[in-house]
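Read the structure below first, then the notes.
The values are calculated or read from the model by the stated rules, or taken from the named source; none is laboratory data. Keep in mind that what you see is a predicted model, and the values were worked out from it rather than measured. Positions of Cβ are backbone-derived with ideal geometry, glycine not excepted, and every protein chain shown enters the neighbour counts. Only protein heavy atoms, including side chains, enter the accessible area calculation; ligands, DNA and RNA are left aside. Shrake-Rupley method; radii C 1.70, N 1.55, O 1.52, S 1.80 Å.
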Amino acid sequence: MEDLIEFLIELIFEVGVEASENKKVPKALRVLLAIIIILLYLLGTGLILLVGVLMLEETILGGIAMLALGVVILVALFVKMYKKYGEMKATTDSKTNMEE
């Protein structure tokens with residue numbers, strides 16, 4: 001059962017990421033998929049940070065480790081979003097320059 005759930009979640013993420021990058025998919029759907037994926041990653045990171053804060057009461061080292069992991073994931077997410085935005089902007093700018 002665990003494998004089935006893992007497979008379905010992985011399939012949803014793969015399809016969502018591929019569809020959000022595909023130019024043949026309508027822009028509104030691509031934006032919606034991208035927002036959903038970003039929100040899911042933020043939810044996961046938030047849960048890791050919450051567990052880190054709750055662990056601080058029991059064990060300081062474990063809580064700090066979980067908080068550090070959450071911060072690293074959050075920074076990696078923002079770096080990935082910034083790079084993807086830069087790529088999209090460069091593509092849009094090059095298309096605009098070609099039309100002129």
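With each label modelled as a point 7 angstrom along the Cα→C-beta vector, the K23-I9 pair spans 3.4 nm.
Ignoring ligands, DNA and RNA, please state the percent of accessible area on the chain from carbon and sulfur, probe 1.4 Å.
On the way: 5850 of 8170 Å².
Answer for the chain is 72 percent, counting heavy atoms of protein chains only.
Rounded to the nearest 500, the 222 nm mean residue ellipticity of the chain from helices alone is -32500 deg cm²/dmol, with -39,500 (n - 2.57) taken per DSSP H run of at least 4 residues.
So, for the chain, what is the accessible surface per residue at a probe of 1.4 Å, expressed in square angstrom?
On a per-residue basis, the chain sits at 82 Å².
Note the per residue figure in Å³ for the convex hull of the C-alpha positions in the chain.
109
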